[in-house]
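Student: Pasting a structure here, questions to come.
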Amino acid sequence: MNNIENQATQETQTPSGFRKNALGHLVPESQIKPLELIRDDLVHNIVQQAQALRETMQGFKQQAQQQLTDFVDLSASEYGVKYGGSKGNVVLTSFDGRYQVRRAIGEHRVFDERIQTAKALIDECIHSWSGGADDRLMAMVDHAFRVDQQGRINVNQVLSLRQLNIDDAKWLTAMEAIADAIQVTGTCEYLRLYERKNNGKYQQLPLDISSL
């Protein structure tokens with residue numbers, strides 16, 4: 001059942017001449033100010049249109065992804081290769097160079113328990129270095145290992161520590177532990193459309209309603 005059908009079902013459960021307030025109580029429309037009735041109708045109307053648009057966009061995305069996958073398979077077949085499936089990033093450019101369709105495959109990555117070992121090794125490095133570690137480095141480490149509201153550590157923030165050029169055996173071991181602790185839990189396919197502007201640069205076509 002889609003969002004519009006869910007909304008329709010909820011509305012049929014509300015008796016005629018009544019409306020539910022934010023607490024779920026039935027309130028006779030005769031007791032609701034006319035302006036509040038108009039506001040309620042306006043909000044519901046806009047949201048229902050947005051839900052219909054969202055479903056249309058979902059259908060477009062699925063269709064476009066399938067068309068792109070089919071074309072990649074067709075292109076590969078010219079060289080006797082059976083590609084199959086959505087694998088890897090792809091950029092398709094129109095013949096006139098004006099438009100691009102880009103498919104990007106992103107990985108969902110998390111750390112396993114070995115990230116705690118890496119953090120302990122880093123802490124040992126900081127405390128063992130003569131004169132103490134640079135305050136900026138300590139702040140960077142603390143920032144990298146912060147957890148979000150879901151209690152997860154940001155993978156990219158921690159990986160930024162691997163870019164530091166520190167020649168210390170324990171530090172390097174910690175960097176190896178960080179790499180080993182990364183686990184890929186899934187992938188996500190992104191579809192982005194671009195248009196080339198007068199300056200020659202490609203600008204993404206916004207499909208987010210707030211950026212239109």
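Student: Between Arg103, Arg162, which is open to solvent by 80 Å² or more (accessible area, probe 1.4 Å) and not hydroxyl-bearing (Ser, Thr, Tyr)?
Tutor: The conditions single out Arg162.
Student: Which residue out of Asp135, Asp112 is without any contact (Cβ under 8 Å) to a residue 24 or more places away in the chain and more than 22 Å from Glu189 (Cα to Cα)?
Tutor: From the options Asp135, Asp112, the qualifying one is Asp135.
Student: Suppose the filter is more than 30 Å from Gln65 (Cα to Cα) and loosely packed, with under 13 Cβ neighbours inside 10 Å; does Asp96 pass it?
Tutor: The answer is no for Asp96.
Student: Report whether or not Ser128 is open to solvent by less than 70 Å² (accessible area, probe 1.4 Å), at negative phi and polar (S, T, N, Q).
Tutor: So Ser128 does not fit the description; no.
Student: Here's another thing I want to ask about it. It is to be established whether one or more residues within the stretch 193-208 are within 30 Å of Ile46 (Cα to Cα), loosely packed, with under 14 Cβ neighbours inside 10 Å and among the polar types (S, T, N, Q).
Tutor: Yes; the residues of the stretch 193-208 include at least one that is within 30 Å of Ile46 (Cα to Cα), loosely packed, with under 14 Cβ neighbours inside 10 Å and among the polar types (S, T, N, Q).
Student: Determine the pairs where a residue that is among the aliphatic types (A, V, I, L, M), located within the stretch 18-33, has a partner that is open to solvent by less than 50 Å² (accessible area, probe 1.4 Å) and part of a loop (DSSP other than H, G, I, E, B) with Cβ atoms under 9 Å apart, the partner being 6 or more residues away or on another chain.
Tutor: Matching pairs, first to second residue: Leu26/Thr14.
Student: Among the listed residues Ile32, Ile46, identify the single one that is over 30 Å from Arg192 (Cβ atoms) and either of a type in the set (Gly, Ala, Ser) or at pLDDT 95 or above (or both).
Tutor: The unique qualifying residue is Ile32.
Student: Which condition does Thr185 not pass, out of (1) closer than 26 Å to Ser128 by Cα; (2) open to solvent by 40 Å² or more (accessible area, probe 1.4 Å), if it passes all the others?
Tutor: Result: Thr185 passes all but (1).
Student: Any residue at all in the stretch 79-89 that's at pLDDT 90 or above, open to solvent by 50 Å² or more (accessible area, probe 1.4 Å) and either β-branched (Val, Ile, Thr) or not in a helix (DSSP H, G or I) (or both)?
Tutor: The answer is no; no qualifying residue exists.
Student: Quick check: anything in the stretch 135-142 within 21 Å of the chain's Cα centre (by Cα), open to solvent by 80 Å² or more (accessible area, probe 1.4 Å) and either at pLDDT 90 or above or more than 30 Å from Ser94 (Cβ to Cβ) (or both)?
Tutor: The answer is no; no qualifying residue exists.
Student: Show the residue pairs that are 6+ apart or on different chains and have beta-carbon atoms under 6 Å apart, the first residue being within the stretch 184-212 and under 28 Å from Arg109 (Cα atoms), the second being among the acidic types (Asp, Glu) and at pLDDT below 95.
Tutor: Taking only residues 6 or more apart or on different chains, the pairs are Val184/Glu107; Thr187/Glu107.
Student: Among the residues of the stretch 7-22, is any assigned to a helix (DSSP H, G or I), at pLDDT below 95 and under 27 Å from the mean Cα position of the chain (by Cα)?
Tutor: Checked against the condition, which is being assigned to a helix (DSSP H, G or I), at pLDDT below 95 and under 27 Å from the mean Cα position of the chain (by Cα), the stretch 7-22 yields at least one hit.
Student: With respect to Val72, is the statement that it is out of contact with any helix residue (DSSP H, G or I) (no Cβ under 6 Å at 6 or more places or on another chain), within 26 Å of Tyr194 (Cβ to Cβ) and not in a helix (DSSP H, G or I) true?
Tutor: Spelling it out, it is not the case that Val72 is out of contact with any helix residue (DSSP H, G or I) (no Cβ under 6 Å at 6 or more places or on another chain), within 26 Å of Tyr194 (Cβ to Cβ) and not in a helix (DSSP H, G or I).
Student: Answer yes or no as to whether His108 is under 20 Å from the mean Cα position of the chain (by Cα), modelled with pLDDT under 90 and open to solvent by 50 Å² or more (accessible area, probe 1.4 Å).
Tutor: The answer is yes for His108.
The values are calculated or read from the model by the stated rules, or taken from the named source; none is laboratory data. Small disclaimer: the values here were computed from a predicted structure and weren't measured. A quick note on method: Cβ atoms are made from the backbone with ideal geometry, for glycine too, and the neighbour counts reach across all protein chains shown. SASA here: full protein model, heavy atoms, side chains in, ligands and nucleic acids out. Shrake-Rupley method; radii C 1.70, N 1.55, O 1.52, S 1.80 Å.
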